[in-house]
1. Contact list please: Cβ distance under 7 Å, first residue in the range 170-184 and closer than 12 Å to P160 by Cα and among the polar types (S, T, N, Q), second residue open to solvent by 10 Å² or more (accessible area, probe 1.4 Å) and in a loop (DSSP other than H, G, I, E, B), pairs at least six apart or on different chains.
2. Residues in the range 245-263 that are among the aliphatic types (A, V, I, L, M) and free of Cβ contacts under 8 Å to residues at least 60 places away in the same chain: how many?
3. I'd like the full set of residues that are modelled with pLDDT under 90 and either charged (D, E, K, R) or open to solvent by less than 40 Å² (accessible area, probe 1.4 Å) (or both), limited to the range 191-213.
4. Cβ contacts < 6 Å: first residue at negative phi, restricted to the range 97-113; second residue outside any loop (DSSP other than H, G, I, E, B) and open to solvent by 40 Å² or more (accessible area, probe 1.4 Å), any location; separation 6+ or different chain. Result?
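The values are calculated or read from the model by the stated rules, or taken from the named source; none is laboratory data. Since the model is a prediction, treat every value here as computed from it, not as a measurement. No Cβ is skipped: glycine too gets one built from the backbone with ideal geometry, and neighbour counts run over all protein chains shown. Note: accessible area is taken over every heavy atom of the protein model, side chains too, but ligands, DNA and RNA are not part of it. Shrake-Rupley method; radii C 1.70, N 1.55, O 1.52, S 1.80 Å.
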Amino acid sequence: MTMLRKLLDSQHDNFAKGGKFEKFYAVYEMIDTFLYTPGGVAKGSVHVRDALDLKRLMITVAIALMPAVFMAMYNTGFQANSALAAAGMTPEGWRADIIMALGAGFSPESLLANFLHGFLYFFPIFLVTQIAGGFWEALFAIVRGHEINEGFLVTGLLFPLTLPPTIPLWQVAVGISFGVLIGKEVFGGTGKNFLNPALTARAFLFFAYPAQISGDAVWTAVDGFTGATALSQAALGGVEAITVSMKDAFLGFIPGSMGETSALACLIGAAILIIAGIGSWRIMLSMTLAAVATSGLLNIIGSDTNMMFSVTPLWHLVIGGFAFGTVFMATDPVSASMTTKGHWFYGALIGFMVILVRVINPAFPEGTMLAILFGNCFAPLIDYFIIQGNIKKRANGYKTV
């Protein structure tokens, strides 16, 4: 590491202002600060609240995502191997060649076989996301002459986890490009966007290429195999039509977007974010309570024509992308409400909208993505009214929260 440090220091002048590679300083700075602690220090009388800078914040979020990442790879392989075993099929293609060459096989009972099979679907999507999205991040940093922001580290992890394993790689590149460009860079980059870039990218794919990101044929990585998600089953036949157990839904052994199936993995991530002081527990709690209250009320009312009314609150919490969206998407510190009191209203609005879209709207069995983007649009307005309310209270001599 000392040799690498010396190499970076020796090239600093070439990338600094006036150097021959001045335009590419953002790339140099990205490599330097990713590998080492930034050399700049505060001088004079300063007030330091804690040692958490943006890089460490994003790395902590990435660590919190690891349970969902590992579960994504395992469950993707498990679903594929289970389908192959049930149908008596022999897989083909480059993934099958690699698995056979390594001698891992395709048994759904094998931890290695499931993990390797899932890895060969998840990693290409992750790699394309990093290359395509990283290209736009670096380009805008170079053009604007500022540092490459670490925010894409998290976006580049979140986006692949929201996708089905069968998504074409070119669509992954198009989707993340739209999310970075339209969802973030046109507003000035990280910290200035009002929409979550990863969800913006997914929403674009959902409406531009619905056949590759919805339906029954995209969730299991086996050609020609169709299998409905628990939400799709509930939309057609109610809670009694769900064929998976509550236990499997909670652990994540069900079809769905790669990183959204395991509520347990999301709970572990939530604990890490809350303990680290990064994720807002108020948003998570209010979103959950609002979803439970709304789904419970609709469940009591019932319907003879809409089977989603029969889905109980507990089922709503463990199927679809609710847990993942609650922990990792709704709590995005940039696109979420920023006031403490606003967290409660923001989370409650999203939780209410999730159930409203899932149950009342017949076109979308899953409502988490649309509800969070809807909440992102209203977050500035929520904060505005909270701040104006505090100003009026101070003017009248009352304490504010």
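1. That search, which allows pairs on different chains as well, returns Q171/Y209.
2. Of the residues in the range 245-263, the ones among the aliphatic types (A, V, I, L, M) are 246, 249, 251, 254, 258, 263.
Now drop any that are not free of Cβ contacts under 8 Å to residues at least 60 places away in the same chain, which leaves 251.
Within the range 245-263, residues that are among the aliphatic types (A, V, I, L, M) and free of Cβ contacts under 8 Å to residues at least 60 places away in the same chain number 1.
3. K192, N193
4. Hits for this filter: A104/L112; P108/F78; P108/A85.
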